[in-house]
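As structure tokens, the structure follows; a few thoughts come after it.
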Amino acid sequence: MRRARPVRHKKSHGALWSIIYIDLMTQIMAFFVIVWTIEHGSKATATVNLATGFGTGDQTVRMVDLPGDVLFASGKTELGADGKDVIGKLFGDPASGVLNFDRGGMAQRKLVIHGHTDDVGIKDANFQLGYQRAWSVYQEIRRHSKELPDHVVLCTHADNTPQATPPAAPDPKLTEEEKAVIAAARAKNRRITIEDLVVSPPIAKGGK
């Protein structure tokens, strides 16, 4: 007598969107808490710098990854409605202090916007795509701060700093499961990273 196999329910697109949205909101809340801590005089936590070209005394306070597939439609560089909503929630409240760049002259605060792509297509085209998407995010954040142009850095990485590495697939006849794994890795790499960076003041010659 055969035993009935339990029915496995696949996650719907709605359930998957809910997971991505909840994770994104968690990152945003953490971003607000850390920025609030900095504004009230607490010491910043030093983390790994993403080779932004600043000095060795600089500190990355917080980095938030925003999924590119949430911000942009496929192949597009203009922010979609969901993307604008995310940026508005992150930067739209003046009382939060997220876009307050006043550090009292002791250090400079920079907002670094990194554009990342997947490994599909020509490398040079992906460099352009990464920059164009970072530019779109900058333009949307700028709506909430006139000071931003003096305190922002835009970077493009193409696919040179992936979050996930798609598995090698020498066999052209991939299974559906293998295709899904590769697609998920590439989707994770298509992202915008917003880095909150505290830059040390330049040291004058002679150590003064």
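The values are calculated or read from the model by the stated rules, or taken from the named source; none is laboratory data. All values reported here derive from a predicted model rather than from experimental measurement. Cβ atoms come from the backbone with ideal geometry, glycine included; neighbour counts cover every protein chain shown.
Can you confirm whether the stretch 111-123 contains a residue that is in a helix (DSSP H, G or I) and under 24 Å from I182 (Cβ atoms)? Looking for residues that are in a helix (DSSP H, G or I) and under 24 Å from I182 (Cβ atoms), one finds at least one in the stretch 111-123, hence yes. So which residues in the stretch 124-147 are touching a helix residue (DSSP H, G or I) at 6+ places or on another chain (Cβ under 6 Å) and either outside any helix (DSSP H, G or I) or modelled with pLDDT under 95 (or both), if there are any at all? H144, the sole residue that qualifies.
P162 falls short on exactly one of the conditions (1) surrounded by fewer than 13 Cβ atoms within 10 Å (Cβ to Cβ); (2) part of a loop (DSSP other than H, G, I, E, B), and that condition is (1).
Kindly indicate whether any position in the stretch 90-97 is at negative phi and touching a strand residue (DSSP E or B) at 6+ places or on another chain (Cβ under 6 Å). Within the stretch 90-97, none of the residues are at negative phi and touching a strand residue (DSSP E or B) at 6+ places or on another chain (Cβ under 6 Å). Taking the stretch 165-204 as the region of interest, how many residues are among the β-branched types (V, I, T), over 30 Å from R103 (Cα atoms) and not in a helix (DSSP H, G or I)? Number satisfying all stated conditions: 2. Under 7 Å by Cβ, and 6 or more places apart or on different chains, what pairs join a residue from the stretch 130-141 that is without any contact (Cβ under 8 Å) to a residue 60 or more places away in the chain and farther than 15 Å from G75 by Cα with one that is surrounded by fewer than 20 Cβ atoms within 10 Å (Cβ to Cβ) and among the β-branched types (V, I, T)? Listed pairs, sorted by first residue: Y138/V152. Just one of the numbered conditions (1) touching a Lys or Arg at 6+ places or on another chain (Cβ under 9 Å); (2) under 21 Å from H116 (Cα atoms); (3) of a type outside the set (A, V, I, L, M) is not true of N100; which one? Every condition holds for N100 apart from (2). Can you tell me which residues in the stretch 119-151 are surrounded by 12 or more Cβ atoms within 10 Å (Cβ to Cβ) and acidic (D, E)? Within the stretch 119-151, D119, E140, E147 qualify. Scanning the stretch 56-95 for residues that are buried (at least 16 other Cβ atoms within 10 Å of the Cβ) and of a type in the set (S, T, Y) yields T60, T77.
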